[in-house]
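The values are calculated or read from the model by the stated rules, or taken from the named source; none is laboratory data. These numbers come from a predicted model, not from an experiment. Every residue, glycine among them, receives a Cβ derived from its backbone with ideal geometry; neighbour counts consider all protein chains shown. Keep in mind that these areas ignore ligands, DNA and RNA; they rest on the heavy atoms of the full protein, side chains included. Shrake-Rupley method; radii C 1.70, N 1.55, O 1.52, S 1.80 Å.
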Amino acid sequence: MSRILIVEDAAEMHAALKLQLAAMRLKDVVTAIDGQAALALLDGDSAVALIICDWHMTPMDGLTFCTALR
């Protein structure tokens, strides 16, 4: 299976999304608490097939993250 990245600042949402993905047998999930953390994770050797990203986060929001990722 391919790795999925959840970029979300709320721990409850991390857990809820992981549960939903696990129910679909998608268990290779990594998380980041904001856009900066996600970019740092992706800068390493962590290739992902899908990113699920929150829009409202601090210090780097979802739009800024997506722009930087592109």
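Taking the conditions exactly as written (part of a helix (DSSP H, G or I), crowded, with 16+ Cβ neighbours inside 10 Å and not β-branched (Val, Ile, Thr)), does Ala68 satisfy them or not?
So Ala68 fails the test.
The numbered conditions (1) in contact (Cβ under 8 Å) with a residue 40 or more places away in the chain; (2) assigned to a loop (DSSP other than H, G, I, E, B); (3) open to solvent by 50 Å² or more (accessible area, probe 1.4 Å) are all true for Pro59 except (1). Determine the pairs where a residue that is polar (S, T, N, Q), located within region 28-45, has a partner that is open to solvent by less than 60 Å² (accessible area, probe 1.4 Å) with Cβ atoms under 6 Å apart, the partner being 6 or more residues away or on another chain. Close Cβ pairs satisfying both conditions: Thr31/Ile6; Thr31/His14; Gln36/Met60.
One line per residue, one yes/no per condition, for (1) touching a Pro at 6+ places or on another chain (Cβ under 9 Å); (2) under 13 Å from Leu69 (Cα atoms); (3) crowded, with 16+ Cβ neighbours inside 10 Å:
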| position | (1), (2), (3) |
| --- | --- |
| Ile4 | no, no, yes |
| Val7 | no, yes, yes |
| Ala11 | no, no, no |
| His14 | no, no, yes |
| Ile33 | no, no, yes |
| Gln36 | yes, yes, yes |
